[in-house]
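Below is one structure, written out as structure tokens, with a few remarks after it.
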Amino acid sequence: MLLFVGLGNPGRAYAGNRHNIGFMAIASIARETSAPVFRAKFQSLASEINLAGERVTLLLPQTYMNESGRAVGEAARYLKIEPKDIVVFHDELDLPPGKVRVKSGGGNAGHNGLKSITAHIGNDYRRVRLGIGHPGDRALVHNYVLGDFAKSEAPWVESLCGAIAGNAGLLAKGDDDAFQTRIFKVMEAAGFGKDGPG
């Protein structure tokens, strides 16, 4: 059993935020795999799918970003899932828009959702870092991540979420490098080249 966690804030007001791209990625995987309806569980919305022969619980914490660890910790304990089998999808300011990097462990780069998860389950989980770019000034970060993606960004966001959903089986099999390479190729083919969109 694996746990795929999307990070974001619950509620319609936040649905289009850059901070919610983790939620968007999980929703895309759910659509691609015809996942059962998400149900309230583990202070989250949860569904279970079969992906590349692996059982995967999809989790959308409903605790708000800064308390994501409460939900992830509860799910991990109940399902008896080790940190190495937890994959967290989250927004990443330090990557250009549309870029993806997968890593295990490491720092949290000031991301409050990751800080909360680390506080609850330790640091040895896998992260899928989804680049949203940086506004260029630290003072602008809060409004930037809690702002909606611009209409002009919709094409790359949709392409990225579609690429993640279409290749999520590689993550389920633990082939993070192949997943990263496939996303890069799909995004490049869609016209979002090496420096990201735009």
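The values are calculated or read from the model by the stated rules, or taken from the named source; none is laboratory data. Because the structure is a prediction, the values reported are computed rather than measured. Don't worry about glycine lacking a Cβ; one is built from the backbone with ideal geometry, like all the others, and counts go over all protein chains shown. For the accessible areas, the whole protein counts, side chains as well, though only heavy atoms, and no ligand, DNA or RNA atoms are used. Shrake-Rupley method; radii C 1.70, N 1.55, O 1.52, S 1.80 Å.
Among residues of region 147-173 that are free of Cβ contacts under 8 Å to residues at least 12 places away in the same chain, none has a beta-carbon under 6 Å from a residue that is aromatic (Phe, Trp, Tyr) and open to solvent by 20 Å² or more (accessible area, probe 1.4 Å) at least six positions away or on a different chain. Scoring residue 3 on the criteria (1) more than 20 Å from residue 125 (Cβ to Cβ); (2) of a type outside the set (D, E, K, R); (3) surrounded by 18 or more Cβ atoms within 10 Å (Cβ to Cβ) leaves a single failure, condition (1).
Residue-by-condition table, conditions (1) touching a Ser or Thr at 6+ places or on another chain (Cβ under 7 Å); (2) within 17 Å of residue 27 (Cα to Cα); (3) among the β-branched types (Val, Ile, Thr):
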residue: 156; (1), (2), (3): no, yes, no
residue: 162; (1), (2), (3): yes, yes, no
residue: 169; (1), (2), (3): no, yes, no
residue: 179; (1), (2), (3): no, no, no
residue: 185; (1), (2), (3): no, no, no
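Taking region 3-30 as the range and being farther than 20 Å from residue 86 by Cα and outside any strand (DSSP E or B) as the test, the residues that pass are 10, 11, 12, 13, 14, 15, 16, 18. Among the residues of region 186-196, those that are surrounded by fewer than 19 Cβ atoms within 10 Å (Cβ to Cβ) and within 19 Å of the chain's Cα centre (by Cα) comprise 186, 196.
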